[in-house]
Structures are given as structure tokens and as C-alpha cells.
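The values are calculated or read from the model by the stated rules, or taken from the named source; none is laboratory data. As the structure is a computational prediction, the values presented were derived from the model and not from experiment. Neighbour counts are summed over all protein chains in view; Cβ atoms, including those assigned to glycine, are modelled from backbone coordinates with ideal geometry. The area values use the complete protein model at the heavy-atom level, side chains included, leaving out ligands, DNA and RNA. Shrake-Rupley method; radii C 1.70, N 1.55, O 1.52, S 1.80 Å.
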Amino acid sequence: MPANLFGGLRLRGTIVVVDPERDRTVSLALSNAFARGTVQLLLLPLRAFVFVIGMLIPPLRALIGTSLIGMAGRGALGGEQLIVRETAFRLRDTAGDQHDCLLRGELRGGALRLGDQVDVRGSRALRGREIQVSQVTNIVTGTVTTGHLPAKARHSAVVTVLQAVVFMVVAYTLLRSCGAI
């Protein structure tokens, strides 16, 4: 089970168990909340300007209501949940040890079948003992099977952190420009 510096590993063996594919739900609620909050903060100066203009010029008072409507946060930026397909299987390596493996995403390339001689590439999961598989190569046929994940599922954690940072920077900038900090 050789591992490289980045935690990747490569196993060769036989598939002894293939579980039915299952669907896992990935929540995008936090990412969407940060995105909505950032949009609201960016539009705040424009809405304040429209509000002030509406107060100063009587014929434009109808704009006050429209400038405040968006403050309620209506309008979704996308679904709150995403369904990700997962295929779990057990591999018996050449030493006789068994490893629980998980391939996330829609299968591309070929199916995983009981008794296939395969070469598995992946990494150990942070929690648990299972191997997060990135690629399965059938030794006999040469078929390469990978899991295709939607970009939202692949990068959801990174996007959430980036949106949180942008949200904080925008909030700090607005508070700084108002003299509150």
C-alpha cells in the first residue's frame, strides 16, 4: 500500500463485495446563505442611495418600497441540496487484507463487478477507515472507471470558505467607510 506525500495510495486486488449504488445528499445551505448575504451587503449602498433620493424627492417616494424589497433576501441562488451518487465496494489486496472503498459520483467508464481484478487509486478518508477512490482500473480489460461529481459538490467547502471571507471583507469595508470601526 504505497502512499505518496499527498496521502494518495494505490492498491491492487480483487473486488469481493459491491454494494448497490446509493444517493447521498450534500447540503449547500451555508454556501448559499453566504452568497445571499454578500449580495445584500454589496447592494446596501445602492439601496441606501435610492432610499435617500426617494425621501428627498416626493415623486420618487415609490422607489423606497422597491429599494427595501430586496433586503428580505428573496430569490434563491440555487438548490439547497444536491444529490450525489456513491458506490461502495470491498477490495481484497494481494496480501489478503480487505479494504472498504467508496467511489463518489456518477460512474464513468465502466461498471464495478464482483471478482474483477483492479488497480485502485485514492486516499484514506479523514474520518473512518474507508478509502476515497478516485480511479479504478480493471487489470484484465484496461477499463478505467472514475466518479464524476458536479462542480458544486466537488468545491462546496472551498466555495463556502471563500464566500465567508468575501462576506467579512465586504462587511468590514462597509463598516469602515461608515466610520463604525
Practice task
In whole angstrom, note down how far apart the Cα centers of segment 7-23 and segment 75-134 are.
Solution key: 6 Å
Completion exercise
Taking a crude spin-label model, label points 7 Å out from Cα along the C-beta direction, the residue 19 to residue 139 distance in nm is 2.5 nm
Handout entry: Percent carbon-and-sulfur accessible area, segment 123-181, ignoring ligands, DNA and RNA, probe 1.4 Å
Key = 65 percent
Completion exercise
Distance in nm between residue 30 and residue 57 label points, each 7 Å along Cα→Cβ, equals 4.5 nm
